[in-house]
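Okay, structure first, notes after.
The values are calculated or read from the model by the stated rules, or taken from the named source; none is laboratory data. The model shown is predicted, which means the values in this text are computed figures rather than measured ones. Here the Cβ is made from the backbone with ideal geometry for all residues, glycine too, and neighbour counts use every protein chain on show. For the accessible areas, the whole protein counts, side chains as well, though only heavy atoms, and no ligand, DNA or RNA atoms are used. Shrake-Rupley method; radii C 1.70, N 1.55, O 1.52, S 1.80 Å.
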Amino acid sequence: LGSIDGALHSAQSQVKTVEQSIELTTQRLLGLEREEVEQFRALAQIRVDLLAAGEILTHLDESEQTTNRILESRVQAHEKLTGEIRESERQQQALDEIRNTQSQRVDEAEVLLDQREADTQKRLQQEPDYQRLLEIAQQADRVAGHAEEKTGLALEDRKEKGEPYESDPLFIYLWKRGYATSEYHANPLFRYLDGWVAKLCSYGDARANYAMLTEIPQRLQEHSDKLRSQANIEFEKLKQLELEAAEADGIPLLQQSLDDTRKALEEIDNKLAEQQTSHQELLRRNDQYAAGEDRYFAQAIEYLASELRRDDIAT
């Protein structure tokens with residue numbers, strides 16, 4: 001962030017240098033317009049009789065005075081804008097300093113919390129009750145892991161060995177109807193036809209094998225789920241002991257303090273972002289003055305141009 005801020009300040013300095021160059025160019029442009037008025041004044045003095053020359057000079061003088069009033073308003077408006085930019089830069093600098101201070105507070109809170117958690121964990125490692133619960137929880141986790149691994153292998157085996165049964169339309173038809181089980185219900189005709197189909201596909205033996213194939217993964221899944229639940233219970237006991245130790249060492253208060261400092265830092269960042277957005281708008285308006293695109297400059301140029309277009313040069 002410090003590197004980015006440094007680059008930003010360097011870029012802003014370069015922008016100011018370019019703006020000054022553009023400002024000089026636009027002032028030169030306005031000078032040329034005013035020089036044209038002076039040339040008309042000289043032309044009137046040389047080419048026109050005294051009376052006519054007096055009328056033209058009076059008109060040109062009035063145009064010059066009006067233009068000067070417009071430009072004076074422009075200078076005042078630009079000075080006001082420049083003051084706003086300086087104030088915005090001052091506020092940004094102040095917010096940057098506040099942010100750096102708050103960022104250091106966040107770092108300090110993080111270090112303190114990490115150190116306290118490490119001390120608590122080190123103390124727990126030396127307590128027999130914690131070591132006993134830790135060993136029980138780890139053992140339960142290993143047992144549950146082995147059971148889940150066996151369940152996964154059984155599911156893969158069921159998928160591979162069950163494919164021939166599931167691809168047999170006659171077998172799968174009878175299986176879905178629950179044939180040869182207490183769930184099977186059919187009228188005498190369908191019962192006769194289903195019996196005939198069962199003989200065609202040797203359903204009796206196939207059903208026993210497929211039932212065993214599907215039942216083993218199911219039982220293993222139930223067993224692994226039970227073991228995992230037991231492991232979770234042991235880890236909850238371990239977690240509760242860790243929470244009690246953390247509360248005794250004041251870790252929750254340190255965590256809350258860290259959360260508060262982070263929230264305060266986030267609020268400062270939001271204010272800084274809003275200030276930077278506002279500052280960019282001020283710089284954009286300042287760019288308009290530097291490039292001669294502000295309304296005062298445009299008004300002065302348009303007024304001079306309209307005055308010069310009143311009569312052609314021959315007249």
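Residues that are closer than 13 Å to Ser73 by Cβ, touching a helix residue (DSSP H, G or I) at 6+ places or on another chain (Cβ under 8 Å) and charged (D, E, K, R) within region 282-299 comprise just one, Asp294.
Are any of the residues in region 245-255 closer than 30 Å to Lys150 by Cβ and either of a type in the set (Lys, Arg) or surrounded by 17 or more Cβ atoms within 10 Å (Cβ to Cβ) (or both)? Step through it out loud before you land on a result.
So in region 245-255, the residues closer than 30 Å to Lys150 by Cβ come out as none.
Checking region 245-255: not a single residue is closer than 30 Å to Lys150 by Cβ and either of a type in the set (Lys, Arg) or surrounded by 17 or more Cβ atoms within 10 Å (Cβ to Cβ) (or both).
Listed residues Arg262, Arg219, Arg207, Arg228; which is open to solvent by 40 Å² or more (accessible area, probe 1.4 Å), basic (Lys, Arg) and without any contact (Cβ under 8 Å) to a residue 24 or more places away in the chain?
Being open to solvent by 40 Å² or more (accessible area, probe 1.4 Å), basic (Lys, Arg) and without any contact (Cβ under 8 Å) to a residue 24 or more places away in the chain holds for just one of Arg262, Arg219, Arg207, Arg228, which is Arg219.
Got a sec? Which of Arg132, Arg123, Arg142 is open to solvent by less than 100 Å² (accessible area, probe 1.4 Å) and either without any contact (Cβ under 8 Å) to a residue 60 or more places away in the chain or farther than 30 Å from Glu266 by Cβ (or both)?
Working: Arg132 fails: open to solvent by less than 100 Å² (accessible area, probe 1.4 Å); Arg142 fails: open to solvent by less than 100 Å² (accessible area, probe 1.4 Å).
That would be Arg123, the only listed residue that is open to solvent by less than 100 Å² (accessible area, probe 1.4 Å) and either without any contact (Cβ under 8 Å) to a residue 60 or more places away in the chain or farther than 30 Å from Glu266 by Cβ (or both).
Residue count for region 93-110 satisfying the condition of being open to solvent by less than 50 Å² (accessible area, probe 1.4 Å), under 17 Å from Asp259 (Cβ atoms) and over 23 Å from the mean Cα position of the chain (by Cα): 1. Looking only at residues that are acidic (Asp, Glu) and at pLDDT below 80 in region 294-307, which one is surrounded by the fewest Cβ atoms within 10 Å (Cβ to Cβ)? Per the stated criteria, the residue is Glu302. Cβ-Cβ distances below 9 Å connect the following pairs, each with a first residue in region 281-298 that is over 18 Å from Ser13 (Cβ atoms) and outside any helix (DSSP H, G or I), a second residue that is at pLDDT 80 or above and of a type in the set (Val, Ile, Thr), and a separation of six or more residues or different chains: Ala291/Ile22; Ala291/Thr25; Gly292/Ile22; Gly292/Thr25.
Only one of the listed residues (Leu153, Leu113) is open to solvent by less than 100 Å² (accessible area, probe 1.4 Å), of a type in the set (A, V, I, L, M) and in a helix (DSSP H, G or I). That residue is Leu113.
With the structure loaded, tell me whether Glu247 is within 30 Å of Asp119 (Cβ to Cβ) and in a helix (DSSP H, G or I) or whether it fails that test.
Values: within 30 Å of Asp119 (Cβ to Cβ): yes; in a helix (DSSP H, G or I): yes.
For Glu247, the condition - within 30 Å of Asp119 (Cβ to Cβ) and in a helix (DSSP H, G or I) - is met.
The set of residues in region 190-211 that are at pLDDT 80 or above, closer than 25 Å to Glu163 by Cβ and of a type in the set (D, E, K, R) comprises Lys199, Asp205, Arg207.
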